[in-house]
1. How many Å² of accessible area per residue for the chain, probe 1.4 Å?
2. In whole percent, how big is the carbon plus sulfur part of the accessible area of the chain, probe 1.4 Å, protein atoms only?
3. Starting from the Cα gyration tensor of the chain, take the square roots of the eigenvalues, sort them a ≥ b ≥ c, and report rounded, prolate or oblate (rounded when a/c is under 1.5, otherwise prolate if a/b is larger than b/c, else oblate).
4. Per the helix-only calculation at 222 nm, which mean residue ellipticity applies to the chain, given -39500 (n - 2.57) for every DSSP H run of n ≥ 4 and division by its residues, nearest 500 deg cm²/dmol?
5. Contour minus end-to-end for D25 and Q134, with contour as 0.36 nm per residue of separation and end-to-end as the Cα-Cα distance?
6. Go ahead and set up a Gaussian network model of the chain, Cα springs under 10 Å, then flag whichever of S113, S124, S133 fluctuates most.
7. Just to confirm a number: summing +1 for Lys and Arg and -1 for Asp and Glu over residues other than A46 whose beta-carbon lies under 14 angstrom from that of A46, what do you get?
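The values are calculated or read from the model by the stated rules, or taken from the named source; none is laboratory data. Please read all numbers here as calculations on a predicted model, not as lab measurements. Note that each Cβ is placed from the backbone with ideal geometry, even for glycine, and that neighbours are counted across all protein chains shown. Only protein heavy atoms, including side chains, enter the accessible area calculation; ligands, DNA and RNA are left aside. Shrake-Rupley method; radii C 1.70, N 1.55, O 1.52, S 1.80 Å.
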Amino acid sequence: MELDAFNRLDAEAARAVVRPCVDLDRWVDAVVAGRPYTSTAELLAAARTSAAPWTVAEIDGALAHHPRIGERASGGGAEASLSRSEQAGIGMPSADVAAALAAGNRAYEEKFSRVFLIRAAGRSADEILGALSQRLAHTEEEEIPVVAEQLRQIAVLRLEGIIGS
């Protein structure tokens with residue numbers, strides 16, 4: 001979608017365009033309320049800072065829509081399609097790395113009671129596994145800002161893919 005078309009949408013239609021980026025009401029509303037944007041760069045800058053900081057409840061709500069790293073998102077919605085595309089970029093990990101990711105996902109979920117989230121775009125399976133291993137050493141207080149930043153990076157990348165320059 002072109003930026004001019006996004007700027008002209010009514011608020012409800014604009015929310016529907018933005019929501020697949022991250023299902024977080026305050027962020028969606030802030031990005032939509034910031035219209036009209038004069039450039040895609042201005043839109044993305046606003047998306048990087050809107051409604052910050054996110055609460056733990058908002059983060060956990062948004063994560064409810066994210067599959068485990070290494071698993072394909074199910075469903076036909078825009079968010080599932082975006083997730084499948086993002087994870088496809090990491091390629092097929094070796095059997096050892098795939099097993100380690102699966103074990104790491106389980107350990108992360110047991111420790112933090114949420115799925116492990118990382119911006120997969122631009123990262124290899126080995127890089128993701130390394131980050132997962134490092135983050136398993138975090139406390140809840142250390143991990144929340146990391147999760148929030150990863151979620152925000154994913155949202156901005158998705159928005160950039162939806163709104164053409």
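1. With all protein chains present, the chain gives 49 Å² per residue.
2. That share works out to 54 percent.
3. prolate
4. Result for the chain: -19500 deg cm²/dmol, rounded to the nearest 500.
5. 36.2 nm
6. Result: S113 has the largest fluctuation of those listed.
7. Taking every other residue near A46 into account, the sum is +1.
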